[in-house]
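Q: Provided herewith is a single structure, encoded as structure tokens, for subsequent inquiry.
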Amino acid sequence: MSAMSFSPTLLVTTASVSPAQASKYVPLGRTSLQVSRIGVGTLQWGDPGSGFGTSYGEPELSIAFQELLKGGINFIDTAEVYGYQGIKNGTSSEQLIGKFAKEHTEGAPIIATKFFTIPWTNFLVGGGLRIGRKSLLDALRASLKRLGRKRVDLYQIHFPFPTLSNAALMESLKEAVELGLTTAVGVSNYSKKQMEEADDLLASYGVPLASNQVCFNLLQRDPDKNGLLTSCKERNISLIAYSPLCSGRLTDKALLKIDSKSAKVALSYLIAKGAIPIPGCKNEYQAKSHCELMDQSLTMEEVQMLEEAASYI
């Protein structure tokens, strides 16, 4: 079976289900937060290297944000370092999200951000050298100021780094919950072993690990192959999939050379696997396209067909 003989268009058009058959929202891990089955990643918001200020800007992102909320997508993921170049101008990713959330009140977004673990992060976002547990709380308060909120919905460790142990990071996350600075806590780029250790450490404090955000897409299926996805399901930890379109390779412009529904198939695949994909979104068209996935699903047979086709690419 060759990739060129595969037709994902059929999958999208025949796999639609009614809201009664498939819920549009899922719990975020073992928390009370209900997030849309698909979210949005904002890595490129405020980043001039990604075209912000040239090919798109604040007006386009504002409209996209509004369309996302109108269409039912309520999960918005960011990080303190996304678009850090614009912090002084008020156009970093966190600052834009904070501004848009105040401007558009169609729905209540669930906002996730992240703590950058590298000690010298102050060169990017300000603040002191990150060498102790207190540095996480300081960074979270700075993020909240940029977001214009008293509390964030999900606060995540961006990635493990040797200078801060898992134990120290989890204790800091526990403190963030106790102080009311975040509703839920998660990790990102954690291996199966690291995630399970983090979950066990937080459990000793009575705090659930809500999520692990990792690279996962139809062409990069390591989380499914190395046991991470299975562990997430067993422990009731949400797997948030970043780079769900493999940096554009899974769009109509590249890999699956069929039509504009290729990206929808790739995202529907992740939803069917039990992950929460967070594709990028720069404009109204992309926002509306993502929202259309809220009522679509794939069967396990179709998932297997996709994986078989991808193995030939």
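Q: Go through (1) part of a loop (DSSP other than H, G, I, E, B); (2) surrounded by fewer than 24 Cβ atoms within 10 Å (Cβ to Cβ); (3) modelled with pLDDT of 95 or more one by one and return the number of the condition LEU219 breaks.
A: It fails just one condition, (3).
Q: OK, next. Keeping to region 112-140, report how many residues are aromatic (Phe, Trp, Tyr) and crowded, with 17+ Cβ neighbours inside 10 Å. Please lay out each step first, then the result.
A: Step one: of region 112-140, the residues aromatic (Phe, Trp, Tyr) are 115-116, 120, 123.
Checking the rest, the ones that are also crowded, with 17+ Cβ neighbours inside 10 Å come to 115-116.
Summing the residues that are aromatic (Phe, Trp, Tyr) and crowded, with 17+ Cβ neighbours inside 10 Å in region 112-140 gives 2.
Q: Now, a different point. Restricting to region 204-216, and then to whatever is assigned to a loop (DSSP other than H, G, I, E, B) and of a type outside the set (Ser, Thr, Tyr), can you tell me which residue is farthest from the chain's Cα centre (by Cα)?
A: In this case the residue turns out to be GLY206.
Q: Quick check, is GLU60 open to solvent by 40 Å² or more (accessible area, probe 1.4 Å), part of a helix (DSSP H, G or I) and in contact with a helix residue (DSSP H, G or I) (Cβ under 9 Å, 6 or more places away or on another chain)?
A: yes
Q: Those residues that are modelled with pLDDT under 95 and more than 24 Å from LEU169 (Cβ to Cβ), I need them from region 103-140; list them, please.
A: GLU103, HIS104, THR105, GLU106, GLY107, ALA108
Residue by residue, here is whether (1) in contact with a His (Cβ under 7 Å, 6 or more places away or on another chain); (2) modelled with pLDDT of 95 or more; (3) under 17 Å from GLY39 (Cα atoms) holds:
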residue: TYR190; (1), (2), (3): no, yes, no
residue: ALA203; (1), (2), (3): no, yes, no
residue: LEU209; (1), (2), (3): no, yes, no
residue: GLN213; (1), (2), (3): no, yes, yes
residue: LEU229; (1), (2), (3): no, yes, no
residue: CYS232; (1), (2), (3): no, yes, no
residue: ASN236; (1), (2), (3): no, yes, no
residue: SER247; (1), (2), (3): no, no, yes
residue: THR251; (1), (2), (3): no, no, no
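Q: Could you please let me know if GLY53 is on the phi > 0 side of the Ramachandran plot, open to solvent by 40 Å² or more (accessible area, probe 1.4 Å) and in contact with a Gly (Cβ under 9 Å, 6 or more places away or on another chain)?
A: So GLY53 passes the test.
Q: What residue, of TYR269, TYR242, is surrounded by fewer than 23 Cβ atoms within 10 Å (Cβ to Cβ) and of a type in the set (Phe, Trp, Tyr)? Give the derivation first.
A: Numbers: TYR269 fails: surrounded by fewer than 23 Cβ atoms within 10 Å (Cβ to Cβ).
Sole residue among the options that is surrounded by fewer than 23 Cβ atoms within 10 Å (Cβ to Cβ) and of a type in the set (Phe, Trp, Tyr): TYR242.
Each row is one residue, and each column tells you yes or no for (1) among the basic types (Lys, Arg); (2) at pLDDT 95 or above; (3) within 16 Å of LEU218 (Cβ to Cβ).
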{"residue": "SER262", "(1), (2), (3)": "no, no, yes"}
{"residue": "ALA266", "(1), (2), (3)": "no, no, yes"}
{"residue": "LEU270", "(1), (2), (3)": "no, yes, yes"}
{"residue": "ILE276", "(1), (2), (3)": "no, yes, yes"}
{"residue": "ASN283", "(1), (2), (3)": "no, yes, no"}
{"residue": "MET294", "(1), (2), (3)": "no, no, no"}
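Q: Mind checking which residues of region 272-313 are open to solvent by 20 Å² or more (accessible area, probe 1.4 Å) and outside any helix (DSSP H, G or I)?
A: Once the filter is applied, which keeps residues that are open to solvent by 20 Å² or more (accessible area, probe 1.4 Å) and outside any helix (DSSP H, G or I), region 272-313 yields LYS273, GLY274, GLY280, LYS282, ASN283, GLN296, SER297, THR299, SER311, TYR312, ILE313.
The values are calculated or read from the model by the stated rules, or taken from the named source; none is laboratory data. Quantities reported herein were computed from a predicted structural model and do not represent experimental measurements. Positions of Cβ are generated from backbone atoms using ideal geometry, with glycine treated the same way; all protein chains shown enter the neighbour counts. Just so you know, the surface numbers come from the protein's heavy atoms only, side chains and all, with ligands and any DNA or RNA stripped out. Shrake-Rupley method; radii C 1.70, N 1.55, O 1.52, S 1.80 Å.
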